[in-house]
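This report concerns only the one structure given below.
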Amino acid sequence: MATLFRCDLVIRNALVFDGTGAPRRLADVAVAGDRIIAVGDCSATAGWVEIDAAGKALAPGFIDAHAHDDRAVLCGPECLHCKLSQGVTTVVVGNCGISLSPLVRDTRPPAPLDLLGDASHWRYDSFAEYAEDFSRHGSAVNAIAFIGHTTLRAREMGDAELGRTATEAEAARMKDRLAEALRQGAWGLSTGLWYPPANAATTDEVIAIAEALTEAGGLYATHMRDEGDAILEAIDEACAIGRAARVPVVISHFKCIQPQNWGRSVETLARVDEAAKHQRVAFDVYPYPASSTVLLPEKLRDDVRVVVTWSVPHPEMQGRDLDDIARAWGCTRREAAVRLLPAGAITFQMSEEDVRRILAHPRAMIGSDGLPHDSFPHPRLWGTFPRVLGRYAREERLFSLEEAVRKMTGLTAETFGIPDRGVIRPGAFADLVLFDPATVIDEATFEEPTRPAAGIEQVWVNGEAVYRYGEGPTGARPGRLLKNPKARA
Ligand code: CU
Ligand code: ZN
């Protein structure tokens, strides 16, 4: 009998979705070390670990295009159960202007920075220190990290001054800080111009800082200034910043908020398509008609439902409707909201029709925008990826399963420029997810938001098993903080 070639892992008879959108095909996949070494007929190869994947789908590990896991990636595999159980193997952190570095605090940071935690978690004076901590702790998933504009402002301007535009000198210092972080491996700049106090920043302030991206080749990701009435102007502003810095733009959690804007995704998608003729512009989306962030009393409206996700003074109110709380307290919604601060909330302010239209757009990447430290989180934290696969691809046939996988793998890796990930081919990193295409579905709901998905069977990161259905995270920490390809260090 001929000698067999030995490698670490062979997954046999899988329906391979390679991440490019190409039709599924029956194949074996062989892995040695952290890389895929063969795809096809591997009958002459034996693995130290052999998996029979008959009837199951094998895809590149999913890339969460929009996450707030800056801190979750540092606190052990259990903190990432919500991601691993969806098949996510790489997260994009530092979004919406909010990054854990470079900022050191001895007091609670102003909202929305406190989405990532109270004073005790802000201890990285540079991106290099954050990266060092990442390697010291090890993570179950890979990450790429943006630097938040709001973080830079808190660092260079001081809390009392955040409500105004930065001076030229302050913007220059933020640009230098960003440049330093990019040299150390950060992937780009993110803004959250919708949020007070960062909404005091002018377009020129952002451009002045974003110029650091030009040389480093970083991306500009933005929670736009407006996702409601003035959304077209906000898209134009995002594109103008991208053109000025000559870098690709990623519009975060693309949506149309507030009832009077429902249906406008026809216009907004057309605006992005028009811009994309002249510059690189992309967007991510999560598959739910409700948003979630810090509770901002000044943004409340009477015609949309609000559910509290956490509250520092009133933790007993998590999961409750703001209307019920106001009734119980005998006050207005706004007064109730003020009493709950600091707090977080889910807002039911989008239409399903817009969500579906945006999801189906060929440019749409899937990003969860999950908030891992919320005590009663939006279900997107645990459900986003299996919901797209099970509900929108399989059940509703909004697009093929091949296309669903592309939106969470190949397209995302290409948009962000992540080398050798998001595809199944020889030479690519062995970030893989094995799932049952007939049963995969989200189980997390607005009522029970932390239930793991069904049908995600096994997950590997850099060739190591990180998750098994029914058992949870394996405890392995093979994840890496990926450095922007032009980083010097
Ligand atoms: Cu976000
Ligand atoms: Zn955001």
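The values are calculated or read from the model by the stated rules, or taken from the named source; none is laboratory data. The structure displayed is predicted, hence computed values, not measured ones. Reconstructed Cβ throughout: ideal geometry from the backbone, glycine too, with neighbour counts over all protein chains shown.
Of all positions in segment 118-126, none carries a residue that is touching a residue at least 12 places away in the same chain (Cβ under 8 Å), within 22 Å of the chain's Cα centre (by Cα) and within 16 Å of ligand 1 (Cβ to nearest atom).
One residue stands out in segment 274-299 among those that are of a type in the set (A, V, I, L, M) and surrounded by fewer than 20 Cβ atoms within 10 Å (Cβ to Cβ): the one that is farthest from residue 359 (Cα to Cα), namely 296. Do we have any residue at all in segment 316-323 that's surrounded by fewer than 18 Cβ atoms within 10 Å (Cβ to Cβ), in the same structural domain as residue 386 (by TED's automatic domain parsing) and among the acidic types (Asp, Glu)? No; the residues of segment 316-323 include none that is surrounded by fewer than 18 Cβ atoms within 10 Å (Cβ to Cβ), in the same structural domain as residue 386 (by TED's automatic domain parsing) and among the acidic types (Asp, Glu).
Of all residues in segment 452-482, those being surrounded by fewer than 17 Cβ atoms within 10 Å (Cβ to Cβ) and either under 19 Å from the mean Cα position of the chain (by Cα) or of a type in the set (Ser, Thr, Tyr) (or both) number 0. Cβ-Cβ distances below 7 Å connect the following pairs, each with a first residue in segment 32-47 that is of a type outside the set (D, E, K, R), a second residue that is outside any strand (DSSP E or B) and at pLDDT below 95, and a separation of six or more residues or different chains: 44/4; 45/4; 46/4.
In this structure, is residue 202 crowded, with 21+ Cβ neighbours inside 10 Å, of a type in the set (Val, Ile, Thr) and touching a residue at least 24 places away in the same chain (Cβ under 8 Å)? Judged against the criteria, residue 202 is not a match.
The single condition from (1) of a type in the set (A, V, I, L, M, F, W, C); (2) within 16 Å of ligand 2 (Cβ to nearest atom); (3) over 25 Å from the mean Cα position of the chain (by Cα) that residue 336 fails is (2). Evaluated against (1) more than 16 Å from ligand 1 (Cβ to nearest atom); (2) outside any loop (DSSP other than H, G, I, E, B); (3) surrounded by fewer than 24 Cβ atoms within 10 Å (Cβ to Cβ), residue 152 falls short on exactly one condition, (3). Just to be sure I understand, how many residues within segment 330-344 are over 14 Å from residue 294 (Cα atoms) and surrounded by 15 or more Cβ atoms within 10 Å (Cβ to Cβ)? Counting residues in segment 330-344 that are over 14 Å from residue 294 (Cα atoms) and surrounded by 15 or more Cβ atoms within 10 Å (Cβ to Cβ) gives 2.
Just give me the residues in segment 232-264 being over 21 Å from the mean Cα position of the chain (by Cα) and within 20 Å of residue 304 (Cβ to Cβ), in sequence order.
Step one: filter segment 232-264 for residues over 21 Å from the mean Cα position of the chain (by Cα), giving 232-233, 236-237, 240-241, 243-246, 258-264.
Residues satisfying the conditions are 258, 259, 260, 261, 262, 263, 264.
Among the residues of segment 86-108, which ones are assigned to a loop (DSSP other than H, G, I, E, B) and within 16 Å of ligand 2 (Cβ to nearest atom)? Before the answer, list the steps.
If we filter segment 86-108 for residues that are assigned to a loop (DSSP other than H, G, I, E, B), which is where we start, we get 86-87, 94-102, 105-108.
Within segment 86-108, 94, 95, 96, 97, 98, 99, 100 qualify.
Considering every residue within segment 192-199, establish whether at least one is surrounded by fewer than 22 Cβ atoms within 10 Å (Cβ to Cβ) and free of Cβ contacts under 8 Å to residues at least 60 places away in the same chain. Yes, because at least one residue in segment 192-199 is surrounded by fewer than 22 Cβ atoms within 10 Å (Cβ to Cβ) and free of Cβ contacts under 8 Å to residues at least 60 places away in the same chain.
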